Amino acid sequence: YEENIKNAESDLKRIQDQMDTNSAELQVAISHYDSLKELANKSNLSDLNTKIFSLAREIKVYEQSIESMNVEIQSIKTRKGVLEERISIRSSDLQKVQDSRQELDELRKQLTIHQRVVNSFSHKGIPTAIINTCLNELQLETNKVLQELRPDLEVQFDADLNFTFRRNGEVRD
């Protein structure tokens, strides 16, 4: 029995300690409950509803703002795409212009060469100089031969290969 009593006393002590701990926790919970109750009594339900509605309106305004910003972002992305395409087109146009300028420069060089060749062989060019030199000699030789055959005749050649006959210094057909 003594052992049972000692066990019961230790169980009683343990239970009393637990009761004290639970009692302290209960006191803390009651004080917390009382403070919450006091705060609940102080707060006004209509104030809470007003705050909730105002916050709901602010949320709607922000949602609309976000939607309008998304639309604007999409518009900006579209414009960016259009501008990038324009840049691409202008870059290719610029390359075409540069290629055309190079081709034009090459054609101008070729034209200059062709013009020099044409000028060289034109009526004022190399063949004309050769012909004029030959014509002068031919005219001298022809006049020498004509002097031997007929001393009163003489021939004159011009640059266009026209012949003028002179008899006794006068022009004849």
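Annotations for the structure displayed:
- Note on exposure: 135, 36 ranked by accessible area (1.4 Å probe, complete protein assembly) read 36, 135, with the most exposed listed first.
- Distance between segment 120-173 and segment 75-110 - C-alpha centres, whole angstrom: 63 Å
- Nearest-20 debye value, the chain charge dipole, Cβ charges on Lys, Arg, Asp, Glu: 1000 debye
- Shown are 128, 112, whose ranking by accessible area with a 1.4 Å probe and every protein chain present, most to least, is 112, 128.
- In plain terms, if you count all Cα to Cα distances in segment 1-85 and split them into 10 Å steps from zero, the share in each step is 14, 15, 14, 12, 12, 11, 10, 7, 4, 2, 0 percent.
- Lysine pair count for segment 1-152 [Cα-Cα under 27 Å; pairs on different chains or 8 or more apart]: 7
- Compared with the alpha-carbon gap, the fully stretched path from residue 166 to residue 113 is longer by 14.7 nm at 0.36 nm per residue.
- The trypsin sites (Lys or Arg not before Pro) of segment 82-173 meeting both criteria, a DSSP state outside H, G, I, E and B (loop) and at most 14 other C-beta atoms within 10 angstrom of the site's C-beta, are 124.
- The base-10 log of I(q)/I(0) for the chain, evaluated at q = 0.09, 0.11, 0.20 Å⁻¹, reads -0.81, -0.91, -1.25 [Debye formula, identical scatterers on Cα atoms, solvent excluded].
The values are calculated or read from the model by the stated rules, or taken from the named source; none is laboratory data. Bear in mind the structure is a predicted one, so any value in this text is a computation, not a measurement. Cβ sites come from the backbone with ideal geometry, for glycine too, and all protein chains shown count toward neighbours. To get the accessible areas, we keep the full protein, side chains included, count just its heavy atoms, and leave off ligands, DNA and RNA. Shrake-Rupley method; radii C 1.70, N 1.55, O 1.52, S 1.80 Å.
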